[in-house]
Amino acid sequence: MTAATEARVAAPVAIGRIVVPLLGLAVFINYVDRGNLATAAPLIKDQLHLSAVQLGVLISAFSWTYVPGQVLAGWLGEKLNPYRTLALGLAIWSGATIVTGVATGFAMLLGLRLLLGLGESAAFPCSSKLIAQHLPPHKLGGANAWISQGIALGPAFGTLAGGLLMAAAGWRVAFLVFGLVSLLWLVPWLFSTRGMAAKSAAHEALDAPSFGAIIARRELWGAALGHFSVNYGFYFLISWLPLYLVKVQGYSMSGMAKLGSLVYVAYAVGGIIGGQVTDRWMSAGASPNTARKTLTLVTHTLATAGFAACALGGPQVAIGALFIIAFAFGATSPNIFAIGQTLAGPRAAGKWIGVQNCLGNIPGIIGPIITGYLLDGAGGFPVAFAVAGGASFLGVVGWGLIIPKIAQVEWKAA
């Protein structure tokens, strides 16, 4: 793609004040609905007589469709436009959440987790496409901080409200309530973006780089490895924190819900700080390479140290370290997507994030199963924490070494 073409593409379509907050809310709902199974795990495991391995398979199954769905969503966002693709995805995943409330066994839960993953795969390619298309590089951190808040506060709310609701009324009621409430998001989204969808379609007239061109870039693989390293550790927390707090630390369901939600609040605080620090640093003259690389290297090192403390320390040290890990991942989160959006540029952002998020979410497939086997007798939670720490350190390699420079790729003319 030529420089002149990029210049025409960079001219933004008015996004409106409501769209970015609604994107953050969609991701919030996304993480509430995907995390409900982990919150209900202590109850579902006993009532349906599931082993830790079966529970790990159910948690992992979400990613079997979520991971390849990223590429499909990136492509569909280009063809159908990201506004409509996101609405369709949310309708699918909300329906899957509702039906989970009446699931009767392992096989039915497995099928619904696959459907949930397919629907939720629309969130990040579509939101990244819209953000990159409408905002300059020095504002990407703040916009992605809204997304980061959804990533953090979704599990926090889901763990707290879901845990308390499950303790009072059972896990089935919680799935029915959360799924029905999720559908309400479609009302403000469809109302506020009905005119933007047509404008976005006109804006897509110029060809984006192909998936082949994107996959051929070294920067894509560095970003994917960095994304992988964050997601392994974060998915470990989302998937197993409730079980860890109840079975190892001895918390009740309500106590787990309260403490678990506070861990995610630490993630949310880190997201606000990480997004604002890099944006302000860049506004003061720093390059994206300096600001975003420095922050990601520091936060990955901090998260690795936190996992080591969980593996080696006593109960109080482990609880404190959970907050350190959550804060570090939170501070990294806005920059995961801002780096990909910067490298791709506004034309390629939807496809790029689709591929990056696809590769970066492979931990969602392998992580829960690995952890399930470790918990069933190959070292327990200490070894599981150590493995997550090793995965987190891979981010130093991905962001710091494989990506030579965080700057927009010069795409060849289509």
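Checking Gly260, Gly360 one by one, the residue that is crowded, with 23+ Cβ neighbours inside 10 Å, in contact (Cβ under 8 Å) with a residue 12 or more places away in the chain, under 16 Å from the mean Cα position of the chain (by Cα) and closer than 22 Å to Ala152 by Cβ is Gly360 and no other. Pairing each residue of segment 383-400 that is surrounded by fewer than 18 Cβ atoms within 10 Å (Cβ to Cβ) with any residue that is in a helix (DSSP H, G or I) and of a type in the set (Lys, Arg), provided the two are 6+ apart or on different chains, yields C-beta distances under 7 Å for Gly400/Lys293. Within segment 285-295, being part of a helix (DSSP H, G or I) and modelled with pLDDT of 90 or more holds for Asn289, Thr290, Ala291, Arg292, Lys293, Thr294, Leu295.
Can you tell me which residue in segment 360-414 is farthest from Leu220 (Cα to Cα), limited to those that are small (Gly, Ala, Ser), modelled with pLDDT of 90 or more and out of contact with any helix residue (DSSP H, G or I) (no Cβ under 6 Å at 6 or more places or on another chain)? The residue in question is Gly390.
Looking only at residues in segment 81-91 that are over 18 Å from the mean Cα position of the chain (by Cα) and modelled with pLDDT of 90 or more, the one that is nearest to His134 (Cα to Cα) is Leu88. Here segment 267-287 is the region considered, the condition is being surrounded by fewer than 21 Cβ atoms within 10 Å (Cβ to Cβ) and of a type in the set (A, V, I, L, M), and the residue that is farthest from Leu237 (Cα to Cα) is Ala284.
For Gly105, the conditions (1) out of contact with any helix residue (DSSP H, G or I) (no Cβ under 7 Å at 6 or more places or on another chain); (2) buried (at least 19 other Cβ atoms within 10 Å of the Cβ); (3) not basic (Lys, Arg) are fulfilled apart from (2). Every test in (1) over 18 Å from the mean Cα position of the chain (by Cα); (2) farther than 12 Å from Pro125 by Cβ; (3) in a helix (DSSP H, G or I); (4) not aliphatic (A, V, I, L, M) is passed by Glu78 save one, and that test is (2).
Scanning segment 306-315 for residues that are touching a residue at least 40 places away in the same chain (Cβ under 8 Å) and either crowded, with 24+ Cβ neighbours inside 10 Å or hydrophobic (A, V, I, L, M, F, W, C) (or both) turns up Gly306, Phe307, Ala308, Cys310, Ala311, Leu312.
Can you find a residue that is assigned to a helix (DSSP H, G or I), surrounded by 23 or more Cβ atoms within 10 Å (Cβ to Cβ) and not polar (S, T, N, Q) anywhere in segment 296-305? Looking for residues that are assigned to a helix (DSSP H, G or I), surrounded by 23 or more Cβ atoms within 10 Å (Cβ to Cβ) and not polar (S, T, N, Q), one finds at least one in segment 296-305, hence yes.
The number of residues in segment 42-67 that are assigned to a helix (DSSP H, G or I) and within 20 Å of Ile370 (Cβ to Cβ) comes to 17.
Being buried (at least 20 other Cβ atoms within 10 Å of the Cβ), under 30 Å from Gly379 (Cα atoms) and either at pLDDT below 90 or among the polar types (S, T, N, Q) (or both) holds for only one residue in Ala348, Ala344, Ala326, Ala318, and it is Ala318.
Checking each residue in segment 90-109 for being touching a residue at least 24 places away in the same chain (Cβ under 8 Å), more than 16 Å from Phe178 (Cα to Cα) and in a helix (DSSP H, G or I) picks out Phe106, Leu109.
Restricting Leu153, Leu112 to those that are touching a residue at least 60 places away in the same chain (Cβ under 8 Å), part of a helix (DSSP H, G or I) and crowded, with 22+ Cβ neighbours inside 10 Å reduces the list to Leu153.
The test for being touching a residue at least 24 places away in the same chain (Cβ under 8 Å), among the aromatic types (Phe, Trp, Tyr) and either touching a His at 6+ places or on another chain (Cβ under 9 Å) or under 27 Å from Leu164 (Cα atoms) (or both) holds for Trp240.
The values are calculated or read from the model by the stated rules, or taken from the named source; none is laboratory data. Source: prediction; values computed, not measured. Cβ sites come from the backbone with ideal geometry, for glycine too, and all protein chains shown count toward neighbours.
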